[in-house]
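Working notes, structure below.
The values are calculated or read from the model by the stated rules, or taken from the named source; none is laboratory data. Here the structure is a predicted model, which is why all the values come from computation and not from measurement. Cβ coordinates were reconstructed from backbone atoms using ideal geometry, including for glycine residues, and neighbour counts include every protein chain displayed. We work out accessible area using only protein heavy atoms, side chains counted, and drop any ligands, DNA or RNA first. Shrake-Rupley method; radii C 1.70, N 1.55, O 1.52, S 1.80 Å.
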Amino acid sequence: MTTSPATDVPAGHIDAGGDSRGRTMVAALAITQTIGYGTLYYAFAVLLIPLATDLHTSTTTVTGAFTASVLTGAILAVPVGRWLDRHGGRALMTTGSAAGVVLLLLFSRIDTVWQLYAIQIGIGIACAASLYEAAFAVVIAWFTPQQRATALLALTVVAGFSSTIFLPLTGWLVATHDWRTTLLVLAAVQAATVPLHVLTVRRPPRIPNSPTASPHQADGTRAGTFAVRAALADRAFWLLAAGFTAHTAAISALTVHLVAALVSFGHPPAFAAGIAGLLGVLSVAGRLVTTGLQRRYPTTIVTATVFAVQAAAALALPVIGASTGGAIGAVIGFGIGFGVATIAKPVILAERYDTRRYATLAGVLVVPMTLAKAAGPLAAAALHATTDSYTPVLAAVATCCAIAAAAIATVISHPAANRQATGP
């Protein structure tokens, strides 16, 4: 993809028919992301205990396979990003979604722990090729800067209900049948994503007379390489990396430990689980609010403000969390920013840097964010074990959110950075 130095409009800026294709693509991606996250990611939580029982191992060992899947995605983030920048998403996302079908079928046949780990590593590869980061790269490449936030919102609002759909569905299937049959059903559902990627994912058409359309592929490659180097030399890029990494650590830690923290404050487990369940709905609400505010204020300021609210809510939870109203209020305050980073990161990157190398730069950010996602809950557990209290854990979560807010606020959203990164 190429961009206009003056406006960062994709070289494939499209007419009404192209806009229709773009809307169709976003609708299809919303479906494939909802299904993909449900079958390849969220379902594992329901399968955890049945797997441990049938494989005669501990839940810790089984959880380790899921961690291996997540870390595999982190390792592949940069090379996958480079592929997306150079070749687009159609072939990669189709291959990844098809691989997901095959891996779920093989998953249903495993009998040993090493097979579980091998399958989960494969699923990590399939996720890297077909889920959010790949979908975001496709959307960023197709839409103009004015359209991107709305397109990303439409995609993530629908996909945000993936856990709401697939956790109870998987639980019902396991209870009604068994985990092996459940995986066969999930594989059949996952199969629906393959034709959707084949038929709808496209690279934006080039404008024949576009002043930025290079007649030589090598010229585009050199410009793209320059864009990546310019971004990596930009202090703001690493502030974004620090901010989103700190925020990911906070989100993952609180997600895992919120129910236990609320129970420790004296709430019944059923109430604690119900309040924690608000996070999914609040993530959608937060994305809607954030996207609306982005039309009036810089994305970085909106994002930093939301992260600051989360810091205050996490810090307040040990103080007011023993009461029903206090617990609900603090969880709402934190939950409103639960899904904001998902849409803020691609928008900020596309605003600031050359979108020809969006996926590569996003891949660089994904690596520390994924490591933080894996390490956050473990660090929180270790802190709780040392102090025998969730107050220090929540203080650490608040600190991470505050660091994220400060780092993101320091970065000025400025499309002119795109012009500086387009190279000679």
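Return the whole-Å distance between the Cα centroid of the range 290-325 and the Cα centroid of the range 364-401.
For the range 290-325 versus the range 364-401, the Cα centre distance is 18 Å.
Give the accessible surface of the chain per residue, rounded to a whole number of Å², with probe radius 1.4 Å and ligands, DNA and RNA excluded.
41 Å²
In percent, what relative contact order does the chain have, based on Cα pairs under 8 Å that are 6 or more apart in sequence?
For the chain, the relative contact order is 27 percent.
Where does helix 145-159 land angle-wise versus the long Cα axis of the chain, in degrees 0 to 90, nearest 10?
Long axis of 145-159 versus the principal axis of the chain: about 30 degrees.
When Rg and Dmax of the Cα atoms in Å is calculated directly from the model, which label among (i) 21.5, 68; (ii) 20.8, 59; (iii) 28.7, 90 fits?
(i)
Leaving out ligands, DNA and RNA but keeping every protein chain, what accessible area does residue 163 have, in Å² rounded to the nearest 10, with a 1.4 Å probe?
Its accessible surface works out to 30 Å², give or take rounding.
So if R0 is 60 Å, what FRET efficiency would residue 49 and residue 27 give, r being the distance between their Cβ atoms, rounded to the nearest 0.05?
That pair, residue 49 with residue 27, gives E of 0.95.
Using 0.36 nm per residue of separation minus the Cα-Cα distance, give me the extension gain between residue 320 and residue 192 in nm, one decimal.
Gain on stretching residue 320 to residue 192: 41.5 nm.
Taking only Cα atoms, what is the 0 to 90° angle, nearest 10, from helix 340-352's long axis to the longest principal axis of the chain?
20 degrees
Counting only helical runs of four or more DSSP H residues, what would the 222 nm mean residue ellipticity of the chain come to if each run contributes -39,500 (n - 2.57) and the total is spread over all its residues?
Computed ellipticity for the chain at 222 nm equals -26000 deg cm²/dmol.
Over the chain, what percent of the accessible surface lies on carbon and sulfur atoms, probe 1.4 Å?
69 percent
For the full complex of protein chains and a 1.4 angstrom probe, list 267, 384 by accessible area with the highest value first.
So, going from the largest accessible area down, we get 384, 267.
Between helix 90-107 and the chain, what is the angle of the helix's C-alpha long axis to the longest principal axis, kept within 0 to 90° and rounded to the nearest 10?
The two axes meet at around 20 degrees.
Give a quick list of trypsin sites (Lys or Arg not before Pro) in the range 56-138 that DSSP marks as loop, anything other than H, G, I, E or B, with at most 14 other Cβ atoms within 10 Å.
109
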